[in-house]
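The values are calculated or read from the model by the stated rules, or taken from the named source; none is laboratory data. Note that this is a predicted model, so its numbers are computed, not measured. Here Cβ is always computed from backbone atoms with ideal geometry, including for glycine, and neighbour counts include all displayed protein chains. Heavy atoms of the whole protein, side chains included, go into the accessibility calculation; ligands, DNA and RNA do not. Shrake-Rupley method; radii C 1.70, N 1.55, O 1.52, S 1.80 Å.
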Amino acid sequence: MTKMKTVYDTITGPAATVLNIQRMSTEDGPGIRTTVFFKGCGLACSWCHNPESISLKPQVQWLENRCIGCRSCVAACPEEALAFEAAGVVIDRERCAGCGACADACPSTAMELLGKKWPLGDLVREVEKDRAYFEQSRGGITASGGDPTVQAPFVAAFLRECVARGLHTALDTCGYSSRQSLEMILPHADMVLFDLKIMDSAAHRRWTGAPNERILENILFIRDYMKNAVRPSSLWIRTPLIPGATATIENVTAIGSFIAEHLEETIERWELCSFNNLCRDKYRRLGIDWEFRDAPLLPRSSLDELADAARGQLADPSIVQWTGAPRVEKGAEGGPEKRHLRLVKGCTTC
Ligand code: SF4
Ligand code: SF4
């Protein structure tokens, strides 16, 4: 029987490499959102919560607890990138081409391919399934990552299709992108979530792999763009609070001063995202020795202090809020407030 053509089949365009589609997100913009995590990022933040999203290339990971030791993956690999040793499957990441043959061959889903190609029509169809939630909560779609601007032509086309269907759209970006990429995407994004991580450019390079001048230029470009455009109409700034890196009074004060001088009339919210280490296992599975592996969460007193420093810079301190889970001190009664437990799920601290 011939498959009936749907409206989605008429959407043509390239495919994008997508790491994950997260439904029911409450932290990536207003309302309930479906967040599409695109692979690829121009930065490589030392604390990145989604290390598997940094490379544009699909990657494989081995999940030890699912492996039955059959060695089918080793036999299937055309690049001879796999070996089965005493400790289990070892991946030579220099050789791996990210083809996914090992994952296809694995009978127990112990080899997983991170990053899947999504044609435009399929992705639009997938996110539109959540329309009822968006309508009830005034939510929508968020393009996140990685950094979605790395796949700008696709992301622009994807958000354009979402807007055409009456869905609210958000771009969540680290800001390290070309002007051309932003110009492609901004007309189709109702809001922008933009990271300002570190004001000192040398420190920015130390922790993220790149200086921050382009990022600062881009946020000012977005501010000016918003003055004359229908979209975006809303801008949130996000700052990850990473112990020993960004979570200093000096850094938060410097970002606050920049916001006060250049952005305060434009932004709706400045969110301070507390560090969490829930991604520890992701680094282990990718064979990366993560420098924040043993870093503790920040205590509530530090988060309050940093938020106060941020508020102290602004004419309207009410736009500052911190999110995430504080450290529970030994002997403290109860645990983190429910609000914070919920937030840690969504706050990607990247
Ligand atoms: S993804 Fe392809 S190249 Fe990489 S280990 Fe698996 S089979 Fe080999
Ligand atoms: S194919 Fe899967 S189950 Fe078999 S050795 Fe490889 S990872 Fe383990």
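See the values below:
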read-out: Within the chain: Cβ-based charge dipole about Cα centre, in debye rounded to nearest 20 (Lys, Arg +1; Asp, Glu -1); value: 900
read-out: Linear extension gain, residue 264 paired with residue 304, 0.36 nm per residue minus alpha-carbon span; value: 12.3 nm
read-out: Inter-site label distance for residue 104 and residue 229 at 7 Å from Cα along Cβ, in nm; value: 4.0
read-out: Mean residue ellipticity (222 nm) of the chain, computed from DSSP H runs ≥ 4 via -39,500 (n - 2.57), nearest 500; value: -9000 deg cm²/dmol
read-out: Residue-wise HN-Hα coupling along the range 101-109, computed from phi with Karplus coefficients 6.51, -1.76, 1.60 (Hz; x: Gly, Pro); value: 4, 5, 5, 5, 7, 6, x, 10, 6
read-out: Percentage relative contact order, the chain, counting C-alpha pairs under 8 Å, at least six apart; value: 17
read-out: Amide hydrogen neighbours beyond the local backbone of residue 110, cut-off 5 Å, H modeled; value: none
read-out: Amide H contacts of residue 55 (H built 1.01 Å from N, under 5 Å, at least 5 apart or other chain); value: 40
read-out: Rounded to 5, the percent of DSSP beta bridges in the chain classed as antiparallel; value: 35
read-out: Positive-end residue, the range 1-157 charge dipole about Cα centroid, Cβ charges, pick of 41, 145, 16; value: 16
read-out: Two-site FRET efficiency, residue 205 against residue 133, from Cβ-Cβ distance with R₀ of 51 Å, rounded to 0.05; value: 0.80
read-out: 5 angstrom amide H check on residue 88, placed H, neighbours 5+ away; value: none
read-out: Accessible area in square angstrom per residue, the range 59-114, 1.4 angstrom probe; value: 57
read-out: Cα centre as origin, Lys/Arg/Asp/Glu Cβ charges: the range 59-114 dipole, Debye; value: 120
read-out: Within the accessible area of the range 59-114 (1.4 Å probe), percent carbon and sulfur; value: 48
